[in-house]
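Notes to accompany the following structure.
Nothing in this text is a laboratory measurement; each read-out follows from the coordinates by a stated rule. Just so we're clear, the structure is a prediction, and the values are computed from it rather than from any experiment. Because the Cβ atoms are built from the backbone with ideal geometry, glycine has one as well, and the counts that use them run over all protein chains shown.
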């Protein structure tokens with residue numbers, strides 16, 4: 001009875017697909033569409049005012065103080081992206097290579113590297129806030145303990161180090177993810193290909209750059225794209241560690257915090273503007289979508305079938 | 001390091017007491033082997049006998065646990081694979097999937113520090129010899145199995161190594177292509193004259209290609225010799241049954257004067273006999289003759305089935321002690337299943353092995 005089977009199969013597919021589709025529609029598609037709509041109106045608190053066309057976009061991009069805030073936050077996101085590209089993806093690649101080559105203790109380190117990834121961001125953020133406490137934090141106590149008093153800094157309290165402290169915490173938290181993706185990519189490389197390379201060179205660098213790196217291109221596409229999206233949507237960790245204002249003095253402000261503040265207001269400023277917030281959200285969305293698409297297409301082009 | 005073949009390279013390999021241990025398992029139990037310059041040596045043996053492991057030790061891909069390996073008098077144990085002057089053709093070919101044919105061949109040559117012109121001339125020469133010229137811009141996935149094979153060989157040739165290692169290079173090819181490539185490899189060895197070590201589990205490949213066959217079993221060398229030596233004077237029952245197809249029949253016999261008897265199965269005269277009263281009699285398919293019916297002098301047997309191969313035929317018959325014997329007959333003389341036959345042996349055509357340890361006994 002093939003017909004009946006198909007019905008049963010169709011039913012299964014329906015049951016499995018409809019709930020997540022509904023979820024995505026309700027919590028992702030609908031907010032995106034509504035943000036697009038809100039961005040073109042003037043808002044008085046929760047009350048929608050007049051249609052103002054591109055006025056809100058103009059304000060966040062070209063009118064002070066929004067203009068400076070936007071540039072400041074965007075610049076920080078760019079820094080975060082490139083810093084994490086090195087600290088998270090770069091380090092992840094090297095860690096994956098070390099794990100792949102089965103150096104002593106690889107089994108332990110595979111777990112150790114990935115463990116922080118499963119921790120909640122809240123836990124990691126609070127932990128690092130404690131670690132970086134100027135007086136009682138383990139970082140400064142350790143530095144003083146080994147006589148490097150001059151290196152002990154109020155890491156989160158000064159503009160010159162705060163963003164980098166957040167980046168370091170983020171890199172520690174998530175480095176296991178690119179590591180795992182790269183490791184999976186490396187494990188797909190046939191052993192004889194690496195043997196063939198070993199017959200021709202003893203340089204680890206040549207093997208990494210000329211053989212392994214090109215062959216894990218699909219993994220690179222995944223982690224680069226996800227890091228890009230993550231870096232420009234960055235919110236939880238700076239929110240917990242630096243607060244909604246991107247303290248101190250906006251030195252850790254990123255687009256996520258800035259958008260949230262603008263749309264929903266914050267304790268100190270108290271003002272909220274859905275119109276400007278939505279305009280920001282739309283700009284962030286378009287930027288990420290456009291850039292991620294171009295990036296994915298370009299990265300896909302260098303992938304090859306093994 | 002590698003030298004020009006035309007200038008007469010020397011590549012003598014000397015393996016002394018080589019052992020290989022993976023954690024607690026011994027895979028090779030002391031291999032002693034001398035391989036001469038320009039020899040085509042084939043390591044042959046059943047799966048898991050350690051032949052590929054031995055090849056990887058020679059290549060330097062796995063460390064030698066014990067013993068020493070010398071190449072031209074230089075100890076190679078701790079020399080990196082890329083510095084041994086050895087090139088390897090892998091079973092899966094192991095071409096770099098992201099490089100085209102040209103790049104695959106150029107990669108190793110450039111890493112040797114050759115200048116651009118030299119790399120190009122070597123690739124041009126090799127690709128001409130292997131008929132790869134139309135394929136130079138293709139990626140490995142765009143090549144057929146036979147073409148990949150040729151690229152893998154080309155990649156090894158471009159480096160002009162002293163020694164070529166080939167690990168089951170034909171096993172991924174279909175049967176028709178296999179014999180073509182086998183001929184090509186034999187021709188290649190004649191043309192370039194390097195020392196080649198070739199691993200296979202296929203005794204036909206071993207017999208047709210080798211100057212010298214190394215028969216391995218369970219981490220030991222059973223016998224080293226030319227194909228003819230191995231076929232005509234196998235050192236023990238393992239080699240006797242491994243080399244030759246269909247395989248040699250081994251029958252437990254007891255001596256009765258100048259005749260050999262099988263329990264309740266008649267007796268046969270085979271010519272001169274080794275000393276001793278009981279041993280294993282080894283009979284190749286062409287050493288025995290079949291006569292219809294029983295009653296005459298010879299071993300009694302029952303036909304099980306007949307393989308007709310066109311130019312000849314093989315008859316499989318069961319002896320009284322349940323041994324399955326294979327015999328070659330002419331295609332005009334086919335036997336039906338369950339037919340009763342009498343088996344006689346041409347004088348001097350039989351082999352004799354010790355019943356205790358399977359070693360060859362000379363009459």
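With a ≥ b ≥ c the root eigenvalues of the C-alpha gyration tensor of the range A:106-160, is it rounded (a/c under 1.5), prolate (a/b larger than b/c) or oblate?
oblate
Using alpha carbon centroids, what distance separates the range B:313-341 and the range B:276-300, in Å?
Computed from Cα coordinates, the inter-centre distance equals 11 Å.
For peptide B:81-87, compute the average count of partner chain beta-carbon atoms within 10 Å of each residue's beta-carbon.
3
Quickly rank B:79-85, B:18-24, A:219-225 as a protection proxy: mean count of other C-beta atoms within 10 Å, highest first.
So the order, starting with the most tightly packed, is A:219-225, B:79-85, B:18-24.
Sorted from largest down, what three extents in whole angstroms do the Cα atoms of chain B have along their principal axes?
Taking max minus min along each principal axis of the Cα atoms, chain B gives 79, 44, 38 Å.
In the range B:13-239, what % of DSSP beta bridges are antiparallel (nearest 5)?
Of all bridge pairs located within the range B:13-239, approximately 55 percent are antiparallel.
Which value in Å does the Kirkwood hydrodynamic radius of chain A take, with 1/r averaged over all unlike C-alpha pairs and then inverted?
Across chain A, the inverse of the average 1/r is 22.5 Å.
Return the whole-Å distance between the Cα centroid of the range A:213-276 and the Cα centroid of the range B:88-113.
Value for the Cα centre distance between the two parts: 45 Å.
State the Cα centre-to-centre distance between the range A:113-148 and the range B:7-75 in whole Å.
Centre-to-centre (Cα) distance: 53 Å.
Arranged by the count of other C-beta atoms within 10 angstrom, fewest first, what order do A:284, B:213, B:58 take?
Least crowded to most crowded, the residues run A:284, B:58, B:213.
For the range B:269-363, what is the convex hull volume of its Cα atoms per residue in Å³?
Measuring per residue, one finds 107 Å³ for the Cα hull of the range B:269-363.
If we restrict to alpha carbons, what Rg and Dmax does the protein assembly as shown come to, in Å?
37.3, 122
Return the calculated 222 nm mean residue ellipticity for the protein assembly as shown, to the nearest 500 deg cm²/dmol, obtained by summing -39500 (n - 2.57) across DSSP H runs with n ≥ 4 and dividing by the residue count.
That comes out to -13500 deg cm²/dmol.
Just order B:108-121, B:44-57 by mean Cβ neighbour count inside 10 Å, highest at the front, would you?
In descending order of packing, they fall as B:44-57, B:108-121.
Could you tell me whether the range A:43-120 comes out rounded, prolate or oblate from its Cα gyration tensor? Rule is a ≥ b ≥ c as square roots of the eigenvalues, rounded for a/c under 1.5, then prolate if a/b exceeds b/c, otherwise oblate.
It comes out prolate by the Cα gyration axes.
How would you classify the range A:1-160 from its alpha-carbon gyration tensor, with a ≥ b ≥ c the square roots of the eigenvalues: rounded for a/c under 1.5, else prolate if a/b is greater than b/c, otherwise oblate?
Judged from the Cα gyration tensor, the range A:1-160 comes out oblate (a/c at least 1.5, b/c at or above a/b).
Just tell me how shielded A:116-127 is by partners: mean number of partner chain Cβ atoms within 10 Å of each residue's Cβ, no decimals.
Taking the mean over all residues of the peptide, I get 0.
Can you give me the angle between helix B:116-129 and the longest principal axis of chain B, using Cα atoms only, in degrees from 0 to 90, rounded to the nearest 10?
30 degrees
Can you tell me, using C-alpha contacts under 8 Å and at least 6 residues apart, the relative contact order of chain B as a whole percent?
With pairs under 8 Å counted, the relative contact order is 16 percent.
Roughly what angle does helix B:145-158 make with the longest principal axis of chain B, taking Cα atoms, 0 to 90 degrees, to the nearest 10?
Between helix and principal axis, roughly 60 degrees.
On average, how many beta carbons from a partner chain sit within 10 Å of the beta carbon of a residue in A:196-209?
Mean partner-chain Cβ count within 10 Å for A:196-209: 6.
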